[in-house]
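Below is one structure; the comments refer to it alone.
Values in this text are rule-based calculations from the coordinates and carry no lab data. Just so we're clear, the structure is a prediction, and the values are computed from it rather than from any experiment. In this analysis, Cβ positions are derived from the backbone assuming ideal geometry, glycine residues included, and neighbour counts consider all displayed protein chains.
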Amino acid sequence: MKARFDIVRRRKWFFLFSGAITVAGLIVFLISGFNLGTDFKAGALVQMPLNEPVNVSKVESMFAKAGLPITASEVSVAGAGNTIAMVRLPMMLTPAQVAKINQIEKETFPKSQQSSIQSVDPIVAKQTSQKAVWSVLLASLFIVIYVAIRFEYRFAISGIVALLHDAFIVMSVFALLRLQVDLTFVAAILTIVGYSINDTIVIFDRIRENLKLTKPKTFDDLQHLVDKSLWQTMSRSINTVFTVLIAALMLYFFGGQTIHNFTFALIVGLVSGAYSSIFIASPLWVAWRGRQMRRAKPADKSA
């Protein structure tokens with residue numbers, strides 16, 4: 001397939017674009033940090049099946065009567081017709097506070113059922129945070145090992161840089177929009193990592209096949225070969241991400257409030273993953289391999 005434009009030769013522009021997003025995300029993160037959910041910090045999650053339509057202000061008023069003033073950002077509504085209220089509190093609740101909440105809830109919403117209250121103490125929150133980090137690191141490590149064995153270490157490092165790029169883009173968006181980071185966010189990151197590396201491996205595999213057919217003698221030959229490989233797999237990459245993106249969008253709009261953060265992270269990660277597979281991973285490998293070719297050239301001449 002004939003390339004419409006040379007992706008590999010324009011790799012510096014793609015690197016600069018990704019670098020700018022990364023720097024912007026880092027600045028946002030350093031200034032505001034993450035909006036951590038109850039899973040990662042001490043607190044309580046109160047889930048109230050009220051069995052009648054509810055708005056945020058009414059829930060705020062109810063908790064104010066219970067002596068627990070909350071803000072609108074700590075309340076979310078879900079369920080068909082907005083009949084379920086979820087409140088995240090930054091502190092653990094005492095038995096007396098739980099009883100007070102249940103009492104006022106029954107007075108305010110007579111049709112409501114028993115609330116579900118999940119509390120997380122600081123030790124559990126710390127352990128959850130550590131396990132989340134380790135899960136992402138271990139997944140990345142095993143991916144590096146797999147790609148290094150199947151291809152070579154340069155492919156593996158290029159692939160993992162693209163994965164870190166995808167994860168950081170999603171984290172930057174969540175930090176910028178102040179979206180809540182919880183265990184579903186970690187699940188989304190792991191899903192994105194698995195999807196993105198799969199697309200990258202397809203491209204790497206085509207590069208390897210073309211390397212067997214044509215041995216590049218110069219750096220220009222190598223750039224042309226990789227660009228050809230990218231365009232040969234372009235339609236597959238775009239069609240795959242498009243179909244998965246449609247499913248993710250349907251989940252976001254019709255899946256309910258409880259999985260909004262998960263599906264939004266998935267949508268951002270799918271777009272970023274397709275971008276990094278095409279414009280970051282393979283061009284990065286070319287730059288690395290090309291440097292080796294340039295170093296080997298003087299040695300060949302002297303021989």
*Using only Cα atoms, find the angle between the long axis of helix 122-150 and the longest principal axis of the chain, and express it within 0 to 90 degrees, rounded to the nearest 10.*
20 degrees
*Can you tell me the dipole magnitude for the chain around its Cα centre, using point charges on the Cβ only (Lys, Arg +1; Asp, Glu -1), in Debye to the nearest 20?*
1460 debye
*Using 0.36 nm per residue of separation minus the Cα-Cα distance, give me the extension gain between ARG9 and VAL98 in nm, one decimal.*
25.8 nm
*When the helix-only estimate is applied to the chain (DSSP H runs of n ≥ 4, each -39,500 (n - 2.57), divided by the residue count), what is the mean residue ellipticity at 222 nm, nearest 500 deg cm²/dmol?*
-23500 deg cm²/dmol
*Can you tell me the equivalent ellipsoid semi-axes for the stretch 148-303? Use √(5λ) from the Cα gyration tensor, largest first, whole Å.*
36, 16, 11
_Rounded D (µm²/s) - the stretch 42-178, Kirkwood Rh over Cα pairs, Stokes-Einstein at 20 °C, 1.002 mPa s_ = 119 µm²/s
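Once the Cβ-Cβ distance between PHE142 and ILE31 is put in as r, and R0 is 25 Å, what FRET efficiency do you end up with, to the nearest 0.05?
Working: r = 34 Å, r/R0 = 1.35.
Efficiency, rounded to the nearest 0.05: 0.15.
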*Solvent-free Debye scattering, log10 I(q)/I(0), computed from the Cα coordinates of the stretch 129-196 at q = 0.13, 0.23 Å⁻¹*: -0.38, -1.00
_List residues of the stretch 184-215, by number, whose backbone nitrogen lies under 15 Å from a label position 7 Å along Cα→C-beta of ILE21._
192-193, 196-197
*Enumerate by residue number the trypsin sites (Lys or Arg not before Pro) in the stretch 140-213 meeting two conditions: DSSP loop (anything except H, G, I, E, B), and at most 13 other Cβ atoms within 10 Å of the site's Cβ.*
ARG178
*Distance between Cα centroids, the stretch 172-209 to the stretch 222-290: provide it in whole Å.*
9 Å
_Quick check: residue separation of ASP205 and LEU190 times 0.36 nm, minus the Cα distance between them. What number comes out in nm?_
3.2 nm
*Helix 260-276 versus the longest principal axis of the chain: what is the Cα-based angle in degrees, 0 to 90, to the nearest 10?*
10 degrees
*Considering Cα pairs under 8 angstrom that are at least six residues apart, work out the relative contact order of the chain and quote it in whole percent.*
25 percent
*Note, ³J(HN,Hα) from phi for the stretch 50-62, Karplus 6.51, -1.76, 1.60, rounded to Hz, x at Gly and Pro*: 8, 6, 7, x, 9, 10, 4, 4, 5, 5, 4, 4, 5
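Would you mind getting me the FRET efficiency between SER61 and PHE254? Use the beta-carbon distance for r and R0 = 22 Å, nearest 0.05. The partial results should precede the final answer.
On the way: r = 30 Å, r/R0 = 1.36.
Once rounded, the FRET efficiency stands at 0.15.
Among DSSP bridges having both ends in the chain, what percentage is antiparallel? Round to the nearest 5.
Working: 15 of 17 bridges.
Roughly 90 percent of the DSSP beta bridges within the chain come out antiparallel.
So if each residue of separation counts as 0.36 nm, and I subtract the Cα-Cα distance between THR218 and GLN118, what length gain in nm does that give?
Values: separation 100, 0.36 × 100 = 36.00 nm, distance 6.21 nm.
So the chain would gain 29.8 nm between THR218 and GLN118.
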*Over the stretch 7-96, calculate the relative contact order: mean separation of alpha carbon pairs under 8 Å at least 6 apart, over the residue count, as a percent.*
32 percent
*Kirkwood hydrodynamic radius (Cα pairs, Å) of the stretch 43-120?*
12.2 Å
*asked:* Run the reach check for LYS215 against aspartates and glutamates, Cα to Cα strictly under 18 Å, same-chain hits fewer than 8 apart removed. What comes back?
replied: GLU152, ASP205, ASP227, ASP300
*Return, for the Cα atoms of the stretch 224-281, the radius of gyration and Dmax in Å, separated by a comma.*
14.0, 47
